[in-house]
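J.: Have a look at this one before I ask anything.
The values are calculated or read from the model by the stated rules, or taken from the named source; none is laboratory data. The structure presented is a predicted model; accordingly, all values stated were derived computationally and were not measured. With ideal geometry, Cβ positions are generated from the backbone for all residues, glycine too; neighbour counts draw on all protein chains shown. Quick note on the areas: whole protein, heavy atoms, side chains included, nothing else; ligands and nucleic acids left out. Shrake-Rupley method; radii C 1.70, N 1.55, O 1.52, S 1.80 Å.
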Amino acid sequence: MGNLINISSSFAGALGRRPSTQNISENTNTWNEASLWDVVKETFFNILMWVFLGLVIYILLYIILKMIRLTFEMYYSKHLRYLKITLPRADSKLDKEKETKKDFKEKLGMMSMFYKAIHKLAEAGLRDTFLNLIFGHSKISLELVYDKWEVSFFITTYETYVNLVMQHLTSVYNNAEIIVYKNTKDIVNLKEKWYFLRAASLGKEKDDYFPIKTYKYLEDDPINNFTNVFGWLNKNDKAVFQMVIKPESSSYNEKAKEAASKVAKWKYKNSKKSSIEFLWKPFWILFNPVRVLFEWSDAAIKDQNNAPGASEWDSYKIFNQAETESQKLMWEAASQPIFESSIRILVSSKDEKKSEEWIHAIVAAASIFTDEYNNALDNPQIIEDAISKTITKIRYFAYKYKLVWFFQNISYFSTDEVTTIFHMPDVNYNRSPIIKWLDYKKLPVPHNLKIPKNPTYLEKKNPKTWKIEKVHMKLGWFPVYSDWVLLGWNEYRNKKTPVYFDKKDRGRHQYVLWKSGWGKSVYIWYLARQDLRNGEGLCVIDPHGDLVEDVLAYTPKERAKDITIFDPADTERPMGLNMLEVLSTDPEVRKREMDRAAMDATEIFIKIFGDEIFGPRIQHYFRNGCLTLMEDEEDGGTLIDVPRLFVDDAFMKYKTSKIKNPVVKSFWDHEYANTWDREKQEMIPYFSSKFGPFITNTTIRNIIGQPKSAFNIREIMDNKKVLLVNLSKGKIWALNAQLLGLIFVSKINMAAMARADMPENQRKDFYMYVDEFQNFATETFGEILSEARKYHLALIMAHQFIAQIGWNGAKKWDKPSIKDAVFGNAWTIQSFKVGADDAEYLEKEYAPVLSQQDIIWVANYTTYVKLNIDNASSRAFDIKTIWDQSYEYELAKNWMKIADIVREYSRKKYGRKKKYVDMEIEARLWIAPSED
């Protein structure tokens, strides 16, 4: 208030006086100076205000952009896909012969081709270019994952890039298996209950323009450093080494080249990064004008010191040899595609102290990348240890969403540097036992693999409309087709391809080799039940019994009456099976059938007893005995009647009176009649003893002793019916099972040959499945394999090892064995788990794609196969078998009811009551001589 009064008084006084000219001039100068100063101050403060406002806006825009990108990456993380890459060991003799790379440096160099290719991810399409511009969308996470004593290699990227990444990766690693996962928990769960998680980060220690030591200057594969540390972790521990990369624009290369040039002129210093550079580095752009100003003034001073006629560009540093190499490495890095990157390490353990120790150990392993003249990977250990809990949460969040930056320094790496840090292993240079390799060598399906067209349908009641609908039947994940069987599926480069076997191609037989106990019978069951469902005619000969029961359990209702079950263990209603039964009434055909039956019967007993015991003379007696019994058209004979011919004179005279074959009649009238009694007494008991095990056994005697077989195998074949032969060794013993199996194989072959009386286009396909077929294969089996195809009899043979059907030490001049017949006539060959000897033999069959070692180490329930396609065997490839206990949409609870009905129906229709069979056979064995 006082000031106002003073001002008013001064103003009033001034009005009362007339001012002088001098006073006016002085006041004007003072006023101008004050105004100018005020203007300067006001302008300065305005500039500061605008600078501050611009800074605030820049910071806000930067934070908003970062938040938008972070939000986008969190939201879009649901589209992340996790690619597990596994390579074959490739350490077999065949692989080494094919190897062309000289050392691990050339091997690692292959991976740089991959990184150069994926550097163009951001330009994959217009959408990707836009997303990358706004959100930094293009990124890939490279991860080494340790879990349960195995180190696996993963590449994580967005779903839109999966095919592109896979294509580029498989172009470098042709045999790589790539499995795509959708959930990170399918890889490793780092945050399990009662586990302690610890995390750390790595980045370039110095200026990013200076590279770390690359594989070109290392003496060993750097991956070994990390796998060695992982190897010390406990089985329950989990660890991840993650490197997230994003392609950087070519403008960075120009800056890197400029920096390399300045280093050569002493104008660029390799300074160490700050641990918290990520906090203030984004705002460097604000200080660029000031930095340029100082650099310009510094250059002006230097220009004044140049020699006359010289400029500052002429001053170059003189390097020693090591510095020259580092300078060369810097130029190499500057000329390659660049990625911005963040590296993280996470360890999860039940022991908190151990998790901290392992983190430090893995960080220390990164010291292998140190180049004293250039750069190294560094960890801000002091800060991260001081606030480890907070850092761990931040690092895990960044790991989960595959983020670059996020509260850690960004580093820039060339393709050679990325290749050095993360690349695929090679068994020749990465010997760590914890590296996950492919269980077996994977091979693609043939290019001419057939695709079926006619689907198999099931009738299903719709629960909503209660209407019966037709549904395409499936086995496992794949649909089933009529006239085809589904063998399994091939997975190559993450593509699953079902493998179907055409009906026409199956006619050239199928051979399956598989060690015992690995699901061989189950595999046959899958094929047989498909034939059963497709309405095909088939026979299953099972020496164990489970296979028949499994096939029976899947019997469709419409095929119940087509099934014949032969079960010798059902002693209450035995079914007849006469090896010496001749059905034809045509004299010429009858003669051929008799000769065939006698020859097959002889081969059967040679198979059972061997050439030495069942020698040439006994074979001669036996063959003539069989032919004699079959000459009787009214009352034929059986195998149990053969020894009776030589011990019962009345029975012999009765049967020989029916003989029409002069050669057989001559045997009895001359050869046998002139044999001395002493010789007969020595030979006949020995001969008869070979039949004792079958005649004295009630179960077998009641089967082979019936003169008329219970069913007509030719009729079963021609009408596409089903014959299930249960020869369970546990119920009827091995010798009896072998005899019956041999008889069935022989009779089925005879029935097939008898189809010569009908045109080929009328012969129905019939499939004979024989498990443990070595027990039922005689020397004439080669004829079955070579001739049966013409009569539409297809064999599916399975057993454990090749030596069961042939001697490996056979000479070239020896007669062909069963093994020769099988490999010479079976056009489809499959092998699952086999031994070394079998693998050595199969290597020739599967050449040139598989070695002996590859064949031995095939995975469980996986087969290598040469498939017959259009009458030509394909190159070998692998098939995974299917485990599916039910056809989709069918009700399993009804199957056992159907099986019981079928079993009862079959035994009632084809079996005879035991008491009647006993009476008949006893009458035949103890027939009294007539009074005449």
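J.: Just to be sure before I move on: is K116 among the basic types (K, R), open to solvent by 80 Å² or more (accessible area, probe 1.4 Å) and out of contact with any Leu (no Cβ under 7 Å at 6 or more places or on another chain) in the structure I sent?
T.: yes
J.: Considering only region 614-638, how many residues are farther than 18 Å from R924 by Cα and surrounded by fewer than 13 Cβ atoms within 10 Å (Cβ to Cβ)?
T.: 2
J.: To continue, here is another question. Quick one: would you say F196 is in contact (Cβ under 8 Å) with a residue 60 or more places away in the chain, under 25 Å from F369 (Cβ atoms) and not charged (D, E, K, R)?
T.: no
J.: Mind listing whichever residues of region 671-689 are open to solvent by less than 80 Å² (accessible area, probe 1.4 Å) and farther than 24 Å from D632 by Cα?
T.: T675, E679, K680, M683, P685, S689, listed by residue number.
J.: Now for a separate question. Could you say which residue among D385, D378 is open to solvent by 20 Å² or more (accessible area, probe 1.4 Å), in contact with a Gly (Cβ under 8 Å, 6 or more places away or on another chain) and of a type in the set (D, E)?
T.: One residue alone meets the criteria, D378.
J.: Is it the case that region 201-214 has a residue that's modelled with pLDDT of 85 or more and more than 29 Å from Y373 (Cα to Cα)?
T.: no
J.: For L131, are the conditions met, namely being free of Cβ contacts under 8 Å to residues at least 12 places away in the same chain and surrounded by 14 or more Cβ atoms within 10 Å (Cβ to Cβ)?
T.: In short, yes.
J.: OK, next. From the list K515, K503, K520, which one is modelled with pLDDT under 90 and touching a strand residue (DSSP E or B) at 6+ places or on another chain (Cβ under 8 Å)?
T.: Among K515, K503, K520, only K520 is modelled with pLDDT under 90 and touching a strand residue (DSSP E or B) at 6+ places or on another chain (Cβ under 8 Å).
J.: Further question: Taking A386 and the conditions (1) hydrophobic (A, V, I, L, M, F, W, C); (2) farther than 16 Å from R198 by Cβ; (3) modelled with pLDDT under 90, which numbered condition does it fall short on, given that it satisfies the others?
T.: (2)
J.: Right, something else. Go through region 696-712 and give me each residue that's open to solvent by 50 Å² or more (accessible area, probe 1.4 Å) and either of a type outside the set (V, I, T) or within 17 Å of T564 (Cβ to Cβ) (or both).
T.: K708, N712
J.: Now, a different point. Would you point out which residue out of L108, L144, L197 is open to solvent by less than 10 Å² (accessible area, probe 1.4 Å), farther than 30 Å from I64 by Cβ and at pLDDT 90 or above?
T.: L144
J.: Can you find, within region 471-495, the residue that is least open to solvent (accessible area, probe 1.4 Å) among those that are assigned to a loop (DSSP other than H, G, I, E, B) and under 17 Å from T862 (Cα atoms)?
T.: Among residues in region 471-495 that are assigned to a loop (DSSP other than H, G, I, E, B) and under 17 Å from T862 (Cα atoms), the one least open to solvent (accessible area, probe 1.4 Å) is G476.
J.: Which one of these does E26 not meet: (1) in a helix (DSSP H, G or I); (2) among the acidic types (D, E); (3) modelled with pLDDT of 75 or more?
T.: The number of the failed condition is (3).
J.: Between a first residue in region 848-864 that is open to solvent by 70 Å² or more (accessible area, probe 1.4 Å) and a second residue that is at pLDDT 90 or above and not in a loop (DSSP other than H, G, I, E, B), which pairs have beta carbons less than 7 Å apart while being 6 or more apart in sequence or on different chains?
T.: Going by the 7 Å Cβ cut-off, the qualifying pairs are Y861/K880.
J.: Being more than 30 Å from N868 (Cα to Cα), among the aliphatic types (A, V, I, L, M) and open to solvent by 60 Å² or more (accessible area, probe 1.4 Å) narrows it down to one of I468, I435, I451, I410, so name that one.
T.: Step by step, each of I468, I435, I451, I410 is checked, and only I468 is more than 30 Å from N868 (Cα to Cα), among the aliphatic types (A, V, I, L, M) and open to solvent by 60 Å² or more (accessible area, probe 1.4 Å).
J.: So, D641, is that one under 30 Å from R907 (Cα atoms), in a helix (DSSP H, G or I) and either touching a helix residue (DSSP H, G or I) at 6+ places or on another chain (Cβ under 8 Å) or open to solvent by 30 Å² or more (accessible area, probe 1.4 Å) (or both) or not?
T.: Yes.
J.: Next question, about the same structure. So for region 563-573 (the condition being in contact (Cβ under 8 Å) with a residue 40 or more places away in the chain, in contact with a Lys or Arg (Cβ under 8 Å, 6 or more places away or on another chain) and small (G, A, S)), does at least one residue qualify?
T.: yes
J.: Got a number for residues in region 692-750 being β-branched (V, I, T) and out of contact with any Pro (no Cβ under 8 Å at 6 or more places or on another chain)?
T.: 10
J.: Here is a further query. Applying the selection to region 361-375, what residues are part of a helix (DSSP H, G or I) and open to solvent by less than 20 Å² (accessible area, probe 1.4 Å)?
T.: The answer is I362, A365, A366, F369.
J.: Could you say whether any residue in region 395-402 is open to solvent by 10 Å² or more (accessible area, probe 1.4 Å), in a loop (DSSP other than H, G, I, E, B) and either under 30 Å from R81 (Cβ atoms) or at pLDDT below 90 (or both)?
T.: No, region 395-402 has no match at all.
J.: Okay, next question. When region 581-633 is examined, which residues are found to be at pLDDT 90 or above and hydroxyl-bearing (S, T, Y)?
T.: T602, Y621, T628
J.: Give the residues of region 766-800 that are surrounded by fewer than 19 Cβ atoms within 10 Å (Cβ to Cβ) and touching a Gly at 6+ places or on another chain (Cβ under 6 Å), sorted by residue number.
T.: R789 - this is the single residue of region 766-800 that is surrounded by fewer than 19 Cβ atoms within 10 Å (Cβ to Cβ) and touching a Gly at 6+ places or on another chain (Cβ under 6 Å).
J.: Report every pair of residues separated by at least 6 positions or lying on different chains whose Cβ atoms are under 9 Å apart, first residue within region 669-687 and over 25 Å from I608 (Cβ atoms), second of a type in the set (S, T, Y).
T.: D669/T656
J.: For the structure I just gave you, tell me whether V418 is over 16 Å from D221 (Cα atoms), crowded, with 17+ Cβ neighbours inside 10 Å and aliphatic (A, V, I, L, M).
T.: Answer is no for this residue.
J.: I'm told K495 meets every condition in (1) over 19 Å from F832 (Cβ atoms); (2) in contact (Cβ under 8 Å) with a residue 40 or more places away in the chain except one. Can you identify the failing condition by its number?
T.: Every condition holds for K495 apart from (2).
J.: Does Y889 satisfy being modelled with pLDDT under 90 and open to solvent by 30 Å² or more (accessible area, probe 1.4 Å)?
T.: yes
J.: Another question, then. Show me the helices (runs of 4 or more DSSP H) entirely contained within region 683-799 in which 2 or more residues are over 17 Å from A569 (Cβ atoms), modelled with pLDDT of 90 or more and more than 40 Å from the chain's Cα centre (by Cα).
T.: The qualifying helices (runs of 4 or more DSSP H) are 713-718, 734-753.
J.: Please identify the pairs in which a residue from region 247-266 that is farther than 29 Å from T129 by Cα has its Cβ atom under 8 Å from the Cβ atom of a residue that is at pLDDT 90 or above and small (G, A, S), counting only partners at least 6 apart or on another chain.
T.: Going by the 8 Å Cβ cut-off, the qualifying pairs are A260/A334.
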